[in-house]
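Q: Here it is, the structure, as structure tokens.
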Amino acid sequence: MEWETVIGLEVHAQLKTRSKIFSVSPTAYGAAPNTQANVVDAAFPGVLPVLNAEVVRMAARFGLAIGATVHKRSVFARKNYFYPDLPKGYQISQYEHPIVERGRLVITTPAGEKTIGITRAHLEEDAGKSLHEDMDGFTGIDLNRAGTPLLEIVSEPDMRSAAEAVAYLKTLHTLVRYLDICDGNMQEGSFRCDANVSVRPLGEARFGTRAELKNINSFRFVERAIDYEVRRQIALLSSGGQVRQETRLYDSARDETRSMRSKEEANDYRYFPDPDLPSLVLTEAFLAEVRDAMPELPDAKRARFSAQYGLSAYDAGVLTASRELAQYYEDVLAAAGGEPKLAANWVTGELAARLNEDGLDIVDSRVKAPALAGLLRRIADGTVSGKAAKDVFEAMWAGEGDADAVIAARGLRQISDDSAIEEVVRQVIAANPKQLAQYRAGEEKVFTFFVGQTMKASRGKANPAKVNEILKRLLAP
Amino acid sequence: MTLTITKIAEDLAAGRCSSRELVDDALARIKTHAALNAFITLDEDAARRDAQAADRARRAGGAGILAGVPIAHKDIFCTAGVKTTCASRMLAEFVPPYDATVVRKMKAAGCVMVGKTNMDEFAMGSSNETSHFGPVRNPWDHKRVPGGSSGGSAAAVAARLVPAATGTDTGGSIRQPAALCGITGLKPSYGRVSRYGLIAFASSLDQAGPMAATAEDCAHLLAAMAGFDERDATSLDAPVPDYAAELGKDLKGLRIGVVAEHFAKGVEPKVAEVVREALREYERQGARLVDVSLPNSAHAVPCYYVLAPAEASSNLARYDGVRYGYRAPEYQDLEDMYKKTRSQGFGSEVKRRIMVGTYALSAGYYDAYYVKALKLRRLIADDFARAFEQCDILAGPVSPSTAFALGAKNTDPVSMYLNDIFTIPVNLAGLPALSLPAGFADGLPVGLQLIGRYLDEACLLNAAHRFQQATDWHARVPAGI
């Protein structure tokens, strides 16, 4: 039998605010336990939540970016359950009335573009963490994360393969960073994903019973966990078994999913509107303000890069993969005064390779945009050859100064003076009579030998275009 | 002897007494009347120190009317460094690291806190018998209850241990004990006073307010307590009137709505008669009585006993033994720790309400109970809105009876709950209401309830003040006081 996979994703994006969603405590990652939790976060008797206006702005920005309805009125509800790292005994979330509903995201797969529906996105607070190491048999509680703002983004079950799920996640990941609402750091848990996975016989209209996969915190694990789970469900169904509705945990070390709790064991969360928080009411003016401040989105930027700079779809895609990279590219163009293709080649080539090698982010590049532009200007005006430029770049990366300084210090200025090149070419021809004879006998591939010899003799500084031109003239019988 | 804040302020200003003397006197009286069990915690050293500071500040000039006045806070308000128990074993040793906004504001106004008053556990009760620290006794008859849940505050003011105290009112917890103890108590409009630092019982109903001998004193206290608080999203961002300055307007033409349902069966005839006589006094002052009806008020008690426990079941989830408060000494695992901690830490009435509330919010029951109760709440509020088209304030008894005997109702929750039949609808509608002494029935105080339009505390305070200028019920004190 042929099977079809059905996937829906729930993403928790940590919103990039300085303070928590309902308290003034800072949200910075990695502080000593409980140093970023105040009486509100620790749910002391008598404390009350007060909504951070910035999270509302961010949720609205997201809603508008995915073409969703941003509700003028939404409601915070309490999700009640007991757990030691949940200080109030309930999580403040949005349930019946989320702030964002009915959006969509277009993803690109090898098969083409596909639109994935986004059911809803709602605001909620994160819980704390339980600590089991170095606790002498006890469990410790760290409330630094308690109250960190999250936007939970729930997709429709529109994805049909792990690859589509990953494409959706990556598109969403790019979007939230473009919107500057989430740092997207998956290691630190700023962008977390749960996957609802089911299979059904191809052609069947009804959905199969789904399992919810948790703890899949990298793009690679998402793909692996879904693939494992699909295989498990197909094997189960093929052998006459049934899929149980349950929550399963992905174990990346063993590359498998394991049952965590069944539907029967699930909590009755007793949701009800939080009486401490009035309904969240947005005005038209507020939404207009958010709309006006909307940054250019990835799709629009990609299209503009293609059209405005004449870039290939591939280059435009790479350069707009993050807002920072696109910004860097445009900063280079601005400083270089043009040369969009040359700049694209350098940013996606040398620079990307060097960043990757050193594990650096574009914002931490050792060669800033104006400096790279300085080098590109020297390539464009013929001061350095493309080959020498790579050496200049390496020197710049090593901190030896700007392009002009490196070129001067290392004597890499390209020789474009015809008579000087002609002098070198004459010497090369004179030194290689055998090859000259071969060339004149019609072995044209010997030409590259002469180019190489000439470049070598000029220590790479001869302008290759001129070398070609002069060689052709002087080699001619 | 009725020592009002107004009188104390005059004496202090004239140098006839010092704040230190007042505080020493209050502490001595609290000890003399220890049998009332009105206090859970005294903060003697700090009170004396603060009183001396208030005296020094007064000499430096610029002191407000509340500067140096001894007061008590209900033990539901968090006080930095001073035990705040909510009359529960769960918080019997809990010392908050911060002051409730009400506490902070009253401190800023110069009030000197002498201690924390007894109450029903987590404010759940109408007789002060659910306190982990034992019941409070009614100063008018020690065999009777003072009402609840702010019973300690009411008894302390009635016995003139302190001139004023704070209370909280979720379904009548300021007004009913004020009535049963013969003092004046005001429940402000929902949102008028910050709830920050007030240990939550039912968040959509809880409201803090003043309890004192007179409406004039309540006016001064409310002005100090009220106002927007950025720490409470449900507090109202509206200016606070100078309530005391608005006292004294005559009542000619004031339309007083007499609620038919508040004089129906179940009200002790002698209580009804005292209230009617009070209404005649209003007529003598030129007010006009208008018959009004609140047809849905019969549903108020069941509606309240779904909503308040539902909110409470969630609000009290934080008492889990993990971070502060009581934790069972022995347990097997996490779940056992939760169960034992909460079984041992909460009293039976609190547990009853947590169970009821949890049930009402459960899947499959939510619509039948919680959602339906919310609809009723709207109908009840609409009743008030209609009544206020015909009148300016509403009047009736606070409670169907006078103070009942200790132990008389604490085995029958429903009969206990019916004590609040006239006060509960007001909380459901978020309106302000005031209880003032209207007379006596068989030697026990009877309270008159005045209910106002949203945010119209000034009208209630003025109406009560005018009544108190023509009567002396508020000045009567129990024998031996």
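Derivation of every value follows stated rules applied to the coordinates shown; laboratory data play no part. Just so it is clear, the model here is predicted, and its values are computed rather than measured. Positions of Cβ are generated from backbone atoms using ideal geometry, with glycine treated the same way; all protein chains shown enter the neighbour counts.
Q: Can you work out ³J(HN,Hα) from phi for every residue in segment A:451-465, in order, using Karplus 6.51 cos²θ - 1.76 cosθ + 1.60 and θ = phi - 60°, giving whole Hz and x for Gly and Pro?
A: After applying 6.51 cos²θ - 1.76 cosθ + 1.60, I find 4, x, 5, 5, 4, 4, 4, 8, 6, x, 8, 6, 5, x, 4 Hz.
Q: Mind grabbing the base-10 log of I(q)/I(0) for segment B:213-283 at q = 0.15, 0.24, 0.26, 0.28 Å⁻¹? Debye formula, identical points on the C-alpha positions, no solvent, two decimal places.
A: -0.81, -1.04, -1.10, -1.18
Q: Now for a separate question. Any idea what the relative contact order of chain B is, in percent, if you count C-alpha pairs under 8 Å spaced at least 6 apart?
A: It rounds to 18 percent for chain B.
Q: What percentage of all Cα-Cα pairs in segment A:12-119 are separated by more than 18 Å?
A: I get 61 percent for the Cα pairs in segment A:12-119 exceeding 18 Å.
Q: Provide the descending list of Cα extents for chain B along its principal axes, expressed in whole angstroms.
A: Largest first, chain B extends 64, 53, 44 Å along its Cα principal axes.
Q: Please report the orientation-averaged projected area of segment A:418-475, defined via the convex hull of its C-alpha atoms, in nm².
A: So the mean shadow area of the Cα hull is 3.3 nm².
Q: Continuing with this model, one more query. On a C-alpha basis, how far is the centre of segment A:411-457 from the centre of segment B:417-450 in Å? Whole number, if you could?
A: 110 Å
Q: With angles folded into 0 to 90 degrees, how steeply does helix A:298-309 sit against the dominant principal axis of chain A? Use alpha carbons for both and round to 10.
A: Approximately 20 degrees, to the nearest 10.
Q: Shifting gears a bit: In peptide B:192-199, what is the residue-averaged number of other protein chain Cβ atoms found within 10 Å of each Cβ?
A: Average neighbour count from other chains, rounded to a whole number: 3.
Q: To continue, here is another question. Highest mean first, how do A:387-397, B:234-244, A:151-161 rank when packing is the count of other Cβ atoms within 10 Å averaged over residues?
A: A:151-161, A:387-397, B:234-244
Q: Treating cross-link reach as a plain straight distance, find the lysines whose alpha-carbon is under 17 Å from the alpha-carbon of B:Lys31, omitting any fewer than eight places away in the same chain.
A: Hits, sequence-local ones excluded: B:Lys116.
Q: Can you order the peptides A:56-64, B:396-404, B:429-437, B:336-344 by their average number of other Cβ atoms within 10 Å per residue, highest first?
A: Top of the packing list down: B:429-437, B:396-404, A:56-64, B:336-344.
Q: Over the C-alpha atoms of segment B:1-98, what are the Rg and the largest Cα-to-Cα span, Dmax, in Å?
A: Final numbers for Rg and Dmax: 14.9, 46 Å.
Q: How big is D, in µm² s⁻¹, for chain A by Stokes-Einstein at 4 °C and 1.567 mPa s if Rh is the Kirkwood radius over C-alpha pairs?
A: 49 µm²/s
Q: Straight distance only, please: which aspartates and glutamates reach the Cα of A:Lys434 with their own Cα at less than 13 Å, same-chain residues fewer than 8 apart left out?
A: Hits, sequence-local ones excluded: A:Glu443.
Q: Still on this model: As an exercise, find the ratio Rg/Rh for segment B:150-195 from alpha-carbon atoms, using the Kirkwood inverse-distance average for Rh.
A: Reported Rg/Rh, Kirkwood definition of Rh: 0.97.
Q: Would you please give the residues with an amide H less than 5 Å from that of A:Leu213, counting only those at least 5 places away or on a separate chain, with H modeled from the backbone geometry?
A: Long-range HN contacts for A:Leu213: A:Ala195, A:Asn196, A:Val197, A:Arg248.
Q: Please work out the C-alpha center-to-center distance from segment A:194-215 to segment A:258-297 and express it in whole Å.
A: Cα centroid of segment A:194-215 versus Cα centroid of segment A:258-297: 25 Å apart.
Q: Same structure, new question: For A:Met159, enumerate residues with amide H under 5 Å from its amide H, sequence gap 5+ or separate chain, H modeled in the peptide plane.
A: Amide H neighbours of A:Met159, under 5 Å, 5+ apart: A:Ile7.
Q: Segment A:296-410: D in µm²/s via Stokes-Einstein (Kirkwood Rh, Cα pairs, 10 °C, 1.306 mPa s)?
A: 112 µm²/s
Q: Over 19 Å, how big is the tail of the calculated P(r) for segment B:188-315, in percent of all Cα pairs?
A: 67 percent
Q: In percent, how large is the relative contact order of chain A, given Cα pairs closer than 8 Å and 6 or more residues apart?
A: 14 percent
Q: At 0.36 nm per residue, minus the direct Cα-Cα distance, what do A:Ala163 and A:Lys368 gain on full extension? Give it in nm, one decimal, please.
A: Between A:Ala163 and A:Lys368, full extension yields 70.3 nm more.
Q: Go from 0 up to the bin containing the longest alpha carbon distance in segment A:234-290, width 10 Å each, and give me the % of pairs per bin.
A: 16, 22, 20, 17, 20, 5
Q: For A:Lys390, go through the lysines and keep the ones whose alpha-carbon is under 28 Å away, minus same-chain ones fewer than eight residues off.
A: A:Lys341, A:Lys368, A:Lys445, A:Lys456, A:Lys461, A:Lys466, A:Lys472
Q: Restricting to Cα atoms and excluding each atom paired with itself, what does the Kirkwood estimate give for segment B:277-329 in Å?
A: One over the average 1/r among Cα pairs gives 15.8 Å for segment B:277-329.
Q: Using θ = phi - 60° and the Karplus relation 6.51 cos²θ - 1.76 cosθ + 1.60, list the HN-Hα couplings for segment B:100-117 in order, rounded to whole Hz, with x at every Gly or Pro.
A: My calculation for segment B:100-117 gives 4, 4, 4, 5, 4, 5, 6, 4, 4, 7, x, 4, 10, 7, 8, x, 10, 8 Hz in order.
Q: Here's a follow-up. Which pairs break 22 Å Cα to Cα here: B:Lys105/B:Lys187; A:Lys214/A:Lys263; B:Lys265/B:Lys409; A:Lys263/B:Lys340; A:Lys170/A:Lys301?
A: Flagged as over cut-off: A:Lys263/B:Lys340.
Q: How far is it, in nm, from the label point at B:Ala14 to the one at B:Ala80 when both lie 7 Å from their Cα along the line to the Cβ?
A: 3.7 nm
Q: Here's something else I'd like to know. Using θ = phi - 60° and the Karplus curve 6.51 cos²θ - 1.76 cosθ + 1.60, what whole-Hz ³J(HN,Hα) does each residue of segment B:36-52 get, with Gly and Pro shown as x?
A: So the Karplus estimates, Gly and Pro as x, are 5, 6, 6, 10, 9, 9, 10, 10, 5, 4, 5, 4, 5, 5, 5, 5, 5 Hz.
Q: Run the quick spin-label model on A:Ala380 and A:Asp418: label points 7 Å from Cα toward the beta carbon, then report their separation in nm to one decimal.
A: Placing both labels 7 Å along Cα→Cβ, they lie 2.6 nm apart.
Q: Calculate, axis by axis, the spread of Cα positions in segment A:42-171 along the three principal axes, and write the results as whole Å, longest axis first.
A: Extents along the principal axes: 54, 38, 22 Å.
Q: Starting from the Cα coordinates of the protein assembly as shown, work out the convex hull volume and express it per residue in Å³.
A: Given the Cα convex hull of the protein assembly as shown, per-residue volume reads 236 Å³.
Q: Next up: Give me the inter-chain shielding for B:309-319: mean count of other chain Cβ atoms within 10 Å, whole number please.
A: 5
Q: Test of understanding: express the Cα radius of gyration of segment B:284-399 as a ratio to 2.2 N^0.38 Å, with N the residue count.
A: 1.54
Q: Under a point spin-label approximation (7 Å from Cα along Cα-to-Cβ), what is the A:Ser130-B:Lys7 distance to one decimal in nm?
A: Distance between the two pseudo-spin positions: 6.1 nm.
Q: Right, something else. Once the mean 1/r over all distinct Cα pairs of segment A:3-286 is inverted, what Kirkwood radius in angstroms do you read off?
A: Answer for segment A:3-286: a Kirkwood hydrodynamic radius of 19.9 Å.
Q: OK, next. What are the residues whose amide H is under 5 Å from the amide H of B:Val112, where those residues sit 5 or more places off or on another chain and H is modelled from the backbone?
A: HN-HN under 5 Å from B:Val112: B:Gly68, B:Val69, B:Ile71.
Q: Right, next: Can you give the FRET efficiency to the nearest 0.05 for A:Arg244 and B:His142, using r as the Cβ-Cβ distance and R₀ = 60 Å?
A: Step by step, r from the Cβ atoms, then E = 0.40.
Q: If you don't mind, there's one more thing I want to ask. Is there a simple number for the mean count of other chain Cβ atoms within 10 Å of the Cβ of residues in B:223-235, and what is it?
A: The shielding value for this peptide is 3.
Q: Give the longest segment of chain B that steers clear of GluC sites (Glu not before Pro) in DSSP loops with at most 12 neighbouring Cβ atoms within 10 Å, not counting the sites themselves.
A: Between exposed loop sites, the widest span is B:94-229.
Q: Counting other beta carbons within 10 Å of each Cβ, put A:Lys301, B:Lys143, A:Lys88, A:Lys129 in order, fewest first.
A: Ranked by crowding around the Cβ, least crowded first: B:Lys143, A:Lys129, A:Lys301, A:Lys88.
Q: Suppose R0 equals 45 Å; then what is the FRET efficiency for B:Glu93 and A:Glu54 from their Cβ-Cβ distance, rounded to the nearest 0.05?
A: Step by step, r from the Cβ atoms, then E = 0.75.
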